[in-house]
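The values are calculated or read from the model by the stated rules, or taken from the named source; none is laboratory data. Owing to the predicted nature of the structure, the values given are computational and were not obtained by experimental measurement. Note: ideal-geometry Cβ built from the backbone for every residue, glycine included; neighbour counts use all protein chains shown. All accessible areas refer to the heavy atoms of the entire protein, side chains included, with ligands and DNA or RNA removed. Shrake-Rupley method; radii C 1.70, N 1.55, O 1.52, S 1.80 Å.
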Amino acid sequence: METSRNDHTEQKRCFWANPKNPLYIKYHDEEWGRPLHDDARLLELLILETFQAGLSWECVLNKREAFREAFDGFNRDTILQYDDEKIEELMNNPGIIRNRAKIKATITNTAVFKTIQEEFGSFDAYLKTFCPDEPILDHTSTTSPISDTLSSDLRKRGMKFVGSTTIHAFLQSIGVLNSHMPDCFLHPDNLNK
């Protein structure tokens, strides 16, 4: 469902959307919770969610453009070529979250992502084996049966930093779970008012 892109400054939003951060407001209003099926963007969000583990999403979002630049636009095949020299370059980049384990996990997870694409035709097709066609309304949980199952499968395949809470947040960001608060203007009950 599309909403008007007019000025939403007077609209009520989810409590976590920092009204003083234009990046966060734009993300909340135009991206978070909208169904996403493009593999390149799914990879980007999956990588960013793994960097968020233990931190706030706002911290990651504020560094998103620096991440895009540092990680070559999240180009799958380029990331798969990263070597020790590139890892050191990333560790010295003050614009991103400099966590060696998460940087190495990005390379590993991207390789698993590619393997899944080859097996299922796309990462989106893989997700559809776990997720229903219609978004699930849930604004209270931090994990779910879907995130538990998907997280477990991704870990069995070799991904790192993909616990159920991280995968739940990923599923919220790509619209599998619609987690807008009941009083938010983007909650489905409020879209046609």
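Under the convention that each Lys and Arg Cβ holds +1 and each Asp and Glu Cβ holds -1, the size of the dipole of the chain around its Cα centre is about 500 debye. With protein chains left intact and a 1.4 Å probe, residues in region 1-158 average 55 Å² of accessible area per residue. Projected over all directions and averaged, the alpha-carbon convex hull of region 9-162 occupies 9.8 nm².
Could you tell me which residue out of S141, N99, L48 lies farthest along the dipole of the chain toward its positive end? Charges go on the beta carbon: Lys and Arg +1, Asp and Glu -1, centred on the Cα centre. After comparing all options, I get N99. Among 104-117, 139-152, sorting by the average number of other beta carbon atoms lying within 10 angstrom of each residue, highest first, gives 104-117, 139-152. Straight-line reach from K63: which aspartates and glutamates fall under 17 Å, measuring Cα to Cα and dropping same-chain residues less than 8 apart? K63 reaches E31, E44, E49, D72, E89. Legend: calculated FRET efficiency, D72 to L23, from the Cβ-Cβ distance at R0 = 25 Å, rounded to 0.05, equals 0.70. Find the centroid of the Cα atoms in region 90-140 and in region 8-43, then give the distance between the two in whole Å. Each part's Cα centre sits 19 Å from the other's.
Ignoring lysines fewer than eight residues from K128 along the same chain, the ones with Cα atoms less than 22 angstrom from its Cα are K114, K156, K160. Residues whose amide H lies under 5 Å from that of H37, counting only those 5 or more places away or on a different chain, are absent; hydrogens are built 1.01 Å from N in the peptide plane.
Taking N as the number of residues in region 116-193, what value does Rg over Cα atoms divided by 2.2 N^0.38 Å take? So the Cα radius of gyration is 1.20 times the expected 2.2 N^0.38 Å.
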